[in-house]
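Just below is one structure, and these are the notes that go with it.
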Amino acid sequence: MKQGIWGLDRITFRINGRDPQRFLNLASRHGVRLFHLRREEDGLSASAPGNSRVRIEQLAVQGGWRFSLLERRGPGLLTERIAARPGLIAGGALFLVLLQCFGQLLWTIDFGGLGEEQAYRLRTLLAGYGIYEGARMEEKTLESARQAALQQSDLFGWITLNFAGGCLFVESTEARYQELRAEVPLQALYAREAGEITAMNAESGFAAVRPGQMVEQGQMLVGSVRPDHDGDPVYQGASGEVVARVEKSYTSFQPFRQETEILTGACATQEELYVLGRPLGNGGPALETAAERIVSWEPVRLGRLSLPACIRFESAWPRARRIIVHSAAQARALARRACRDALLAEFPDAVVEAETCRWQTAGEGEACTVTYRFCADIATPAPPTAANAAEN
């Protein structure tokens, strides 16, 4: 009998037989503490500490009484059941050990209110710092990832990464843009191209032309100095827009046969399982280096239960150099588009009013010359030439 376990309990028992008073005297002489005594028709009932059970049974046998255990209260019974199943003890100890070991592992990431695209970009950034399901978290790594996320000014205005209970909580605000105007240097604005002024939107400086006036390339549009009433010079840096109607031609040549690097149409996908922060297996054959790639990370879940594991997916679309043969119509269209691209590269705000195209077929391709009439900002802070300085 495990006396130590029984000592945690309290028992209630009954003694049946003749002269139960003699049992009380016998128990008192042997140091057995009894309480809650009750007289019954053919005996008595009482309560005693659990570790006195064996002694009480022995006294009952010696005096010819019948002993009956009525109730047992206390943790001893549960302790006996646990002790009879050592697997429960080992499992509990193992659980505590695993809880201590896995307490710093990342089980899931809560992106909060981030959209799908924002969550994808942030997950990719975190994976670059070794932060994904199953990885062990360190405060230094989290701070480095947070600083890197703040550098993506188009994504976050403010962000914090809080790790607690195996979950990484992402809290952030959207990026907001505020235009900050730098101090205007002491400069004048000059015409990039010749044309007819249609609008003057000078924010500072002194206008030197007016709408409807024809200007030449390099002519000053907005000056930076003029005399006051006393003839003393007044300086102010010029800024703003000067819109003019310009006519300019662009030429492009498109060959019928063109060698270029294009997508082959094939796609290769590689999957790699990460468990407890470590990859399992070699991830399959290596993908081509010269290819368009997309990498994504997906957590591993068992139903609604998150596991400390994730899968890394990498898709690659190889490129190869191929010779593309264009028809005459295709070559003309590509050449014309190249002229439009050249116009917008030089004047991004150009509004085309009219255009005239001239094509010339060469032996190996099509040449296109497009003359555009458009309105655009022609002001530029070009350094003044000697003529401009004299004019100013």
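The values are calculated or read from the model by the stated rules, or taken from the named source; none is laboratory data. Just so it is clear, the model here is predicted, and its values are computed rather than measured. No Cβ is skipped: glycine too gets one built from the backbone with ideal geometry, and neighbour counts run over all protein chains shown.
In the range 252-307, of all residues being assigned to a strand (DSSP E or B) and aromatic (Phe, Trp, Tyr), the one that is modelled with the highest pLDDT corresponds to Phe253.
If only one of Arg210, Arg257 is surrounded by fewer than 17 Cβ atoms within 10 Å (Cβ to Cβ), basic (Lys, Arg) and closer than 30 Å to Cys339 by Cα, which one is it? Answer to the selection: Arg257.
Could you tell me whether Leu161 is touching a Lys or Arg at 6+ places or on another chain (Cβ under 6 Å), within 22 Å of Ser306 (Cβ to Cβ) and modelled with pLDDT of 80 or more?
yes
Scanning the range 213-234 for residues that are out of contact with any helix residue (DSSP H, G or I) (no Cβ under 8 Å at 6 or more places or on another chain) and crowded, with 18+ Cβ neighbours inside 10 Å returns Val215, Leu221, Val222, Gly223, Ser224.
Has the range 186-209 got any residue that is more than 30 Å from Thr371 (Cβ to Cβ), in a strand (DSSP E or B), touching a residue at least 24 places away in the same chain (Cβ under 8 Å) and under 19 Å from the mean Cα position of the chain (by Cα)? For the range 186-209, residues more than 30 Å from Thr371 (Cβ to Cβ), in a strand (DSSP E or B), touching a residue at least 24 places away in the same chain (Cβ under 8 Å) and under 19 Å from the mean Cα position of the chain (by Cα): absent.
Tell me whether the range 79-94 contains one or more residues that are touching a Leu at 6+ places or on another chain (Cβ under 6 Å), at pLDDT 80 or above and of a type in the set (Val, Ile, Thr). So far as the range 79-94 goes, no, none of its residues is touching a Leu at 6+ places or on another chain (Cβ under 6 Å), at pLDDT 80 or above and of a type in the set (Val, Ile, Thr). For the range 340-392, the set of residues classified as in a helix (DSSP H, G or I), surrounded by 12 or more Cβ atoms within 10 Å (Cβ to Cβ) and either at pLDDT below 90 or touching a Gly at 6+ places or on another chain (Cβ under 6 Å) (or both) consists of Asn388, Glu391, listed by residue number. Looking across the range 113-124 at every residue that is out of contact with any Leu (no Cβ under 9 Å at 6 or more places or on another chain) and not hydroxyl-bearing (Ser, Thr, Tyr), the one that is nearest to Leu280 (Cα to Cα) is identified as Arg123. Candidates in the range 215-237 are the residues that are under 55 Å from the mean Cα position of the chain (by Cα) and not in a loop (DSSP other than H, G, I, E, B); of these, the one that is nearest to Cys375 (Cα to Cα) is Val215.
Screening the range 119-139 for residues that are touching a residue at least 40 places away in the same chain (Cβ under 8 Å) and farther than 19 Å from Pro279 by Cβ and picking the one that is surrounded by the fewest Cβ atoms within 10 Å (Cβ to Cβ) gives Tyr120.
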